Amino acid sequence: MSDLFDFDVRKDQYAVMGNPITHSKSPRIHTLFAQQTGHRLEYTAIQVDVGGFSQAVGQFDAAGGKGLNVTVPFKQEAWQRVTERSERAERAGAVNTIKFDGNKLIGDNTDGVGLVNDLTTNNHIEIKGKRILLMGAGGAARGVLAPLLAQQPTLLVIANRTVDKAVELATAFADLGNIKGTGYDDLADQQFDIIINATAASLQGQLPNMPDTVIAADACCYDMMYGAEPTIFMQWAAEHGAAKVLDGLGMLVEQAAESFFIWRGVRPDSLMVIKALRAELSR
Ligand SMILES: NC(=O)c1ccc[n+]([C@@H]2O[C@H](COP(=O)([O-])OP(=O)(O)OC[C@H]3O[C@@H](n4cnc5c(N)ncnc54)[C@H](OP(=O)(O)O)[C@@H]3O)[C@@H](O)[C@H]2O)c1
């Protein structure tokens, strides 16, 4: 592990920890942020063995690291590991950003604000007063619930293959807004203005089992996954009349921008980086 932390001591050190980690775009994104803002920093990707996360964080801290992003499968472990949590991280039950501040390890979760910023700022989609369908009840869904509800939609329905998990999540966030948990079969007579795919189904080339009728006129459909080609969910949305179809590349860059702001106190121009990554994806 020691050669993993063979730092260039003249630059502040940041990293993303996960397993697997080879395909992470975070080093590229933060390098572009650093170039753009003139900050001297180095950002690397570190693959950590399952069971070795806590030790890896301690070693990174001891080596003088300034901040970490945390991804699958360590976000819940990171939540346990930090010494303080932001309110949104507390609520999400998961930490994707750690700031090392003296003896303190401050945990935050920027996934939700990343999604909301991509929807509202980058794509001009108003959430207030809208009906939202959030498909999936895993870590990603949990992380975005509080920031979505803070935008005051009239209704947020969580639908999940394992219905109990959707109902549990809805109960846990019921104090923050009008939220319900359900299965896909119960969506037959409902329509939504914003439909977010937070399942891992697109990764497997599959669609969640939602009825085709859930898309309201003028609806926006958003897949948290992204790639060089539209995902199967995006293709389904376009075929069934969605007015706007988006992938999760903007969310990825926006959550990184919020992490950068937490660490460096400067907000980078995320649109420029989204554009650069989009061009690189299609090469
Ligand atoms: N763009 C971004 O910045 C960003 C950030 C975070 C996550 N993501 C993406 O979000 C997705 C979910 O991540 P996660 O961390 O929440 O994963 P997770 O915790 O493993 O949860 C997976 C969810 O997907 C559901 N699911 C899996 N396969 C399915 C299928 N074939 N049909 C219907 N539902 C299915 C699961 O349902 P059950 O409960 O029934 O198993 C569960 O609700 C991933 O694609 C990830 O890449 C993107």
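With respect to residue 117, is the statement that it is open to solvent by less than 10 Å² (accessible area, probe 1.4 Å), polar (S, T, N, Q) and within 18 Å of residue 198 (Cα to Cα) true?
So residue 117 fails the test.
If I filter region 198-215 down to residues being outside any loop (DSSP other than H, G, I, E, B) and either within 9 Å of the ligand (Cβ to nearest atom) or among the aromatic types (Phe, Trp, Tyr) (or both), which single residue comes out as most open to solvent (accessible area, probe 1.4 Å)? If you could, list the steps in order and put the result at the bottom.
Pass one, region 198-215, residues outside any loop (DSSP other than H, G, I, E, B): 201-204, 212-215.
Subset that is either within 9 Å of the ligand (Cβ to nearest atom) or among the aromatic types (Phe, Trp, Tyr) (or both): 201-204.
Numbers: 201: 15, 202: 12, 203: 131, 204: 111 Å².
So, considering only residues that are outside any loop (DSSP other than H, G, I, E, B) and either within 9 Å of the ligand (Cβ to nearest atom) or among the aromatic types (Phe, Trp, Tyr) (or both), the one most open to solvent (accessible area, probe 1.4 Å) is 203.
Name the single residue that is farthest from the ligand (Cβ to nearest atom) among those in region 156-175 being among the hydrophobic types (A, V, I, L, M, F, W, C) and surrounded by fewer than 16 Cβ atoms within 10 Å (Cβ to Cβ). It would help to see each step written out before you state the result.
First pass over region 156-175, keeping only residues among the hydrophobic types (A, V, I, L, M, F, W, C): 156-159, 163, 166-167, 169-170, 172-174.
Those left that are additionally surrounded by fewer than 16 Cβ atoms within 10 Å (Cβ to Cβ): 172, 174.
Values: 172: 15, 174: 19 Å.
My answer is 174.
Return the residues of region 57-91 that are open to solvent by 70 Å² or more (accessible area, probe 1.4 Å), in a loop (DSSP other than H, G, I, E, B) and within 16 Å of the ligand (Cβ to nearest atom); say none if nothing qualifies.
72
Of the conditions (1) within 16 Å of the ligand (Cβ to nearest atom); (2) in contact with a strand residue (DSSP E or B) (Cβ under 8 Å, 6 or more places away or on another chain); (3) modelled with pLDDT of 95 or more, residue 147 clears all except one; give me its number.
(2)
Here is a check on your reading of the model: is residue 237 at negative phi, of a type outside the set (S, T, N, Q) and either more than 13 Å from the ligand (Cβ to nearest atom) or in contact with an Asp or Glu (Cβ under 7 Å, 6 or more places away or on another chain) (or both)? Quick ask: steps written out before the conclusion?
Values: at negative phi: yes; of a type outside the set (S, T, N, Q): yes; either more than 13 Å from the ligand (Cβ to nearest atom) or in contact with an Asp or Glu (Cβ under 7 Å, 6 or more places away or on another chain) (or both): yes.
It is true that residue 237 is at negative phi, of a type outside the set (S, T, N, Q) and either more than 13 Å from the ligand (Cβ to nearest atom) or in contact with an Asp or Glu (Cβ under 7 Å, 6 or more places away or on another chain) (or both).
Which of the residues that make up region 216-234 are within 14 Å of the ligand (Cβ to nearest atom) and in contact with an Asp or Glu (Cβ under 6 Å, 6 or more places away or on another chain)? If you could, list the steps in order and put the result at the bottom.
Within region 216-234, the subset within 14 Å of the ligand (Cβ to nearest atom) is 222-227, 231-234.
Of everything in region 216-234, those that are within 14 Å of the ligand (Cβ to nearest atom) and in contact with an Asp or Glu (Cβ under 6 Å, 6 or more places away or on another chain) turn out to be 223, 226, 231, 233, 234.
Give the residues of region 216-252 that are assigned to a strand (DSSP E or B), surrounded by fewer than 19 Cβ atoms within 10 Å (Cβ to Cβ) and touching a residue at least 40 places away in the same chain (Cβ under 8 Å), sorted by residue number.
Scanning region 216-252 gives a single hit, 244.
Just to check your reading of the model, which residue among 99, 180, 104 is within 19 Å of the chain's Cα centre (by Cα), modelled with pLDDT of 95 or more and surrounded by fewer than 23 Cβ atoms within 10 Å (Cβ to Cβ)? Even if it seems obvious, please write down each step before you answer.
Working: 180 fails: within 19 Å of the chain's Cα centre (by Cα); 104 fails: within 19 Å of the chain's Cα centre (by Cα).
Unique residue meeting the criteria: 99.
Return a yes/no flag: does region 188-196 have any residue that is within 21 Å of residue 162 (Cα to Cα) and near the ligand (Cβ under 10 Å from one of its atoms).
yes
If you take the residues in region 123-144 that are over 17 Å from the mean Cα position of the chain (by Cα) and either open to solvent by 50 Å² or more (accessible area, probe 1.4 Å) or without any contact (Cβ under 8 Å) to a residue 60 or more places away in the chain (or both), which one is farthest from the ligand (Cβ to nearest atom)?
Applying the filter and picking the extreme gives 129.
The values are calculated or read from the model by the stated rules, or taken from the named source; none is laboratory data. Quantities reported herein were computed from a predicted structural model and do not represent experimental measurements. Cβ coordinates were reconstructed from backbone atoms using ideal geometry, including for glycine residues, and neighbour counts include every protein chain displayed. The accessibility values were calculated without ligands, DNA or RNA, using every heavy atom of the protein model including side chains. Shrake-Rupley method; radii C 1.70, N 1.55, O 1.52, S 1.80 Å.
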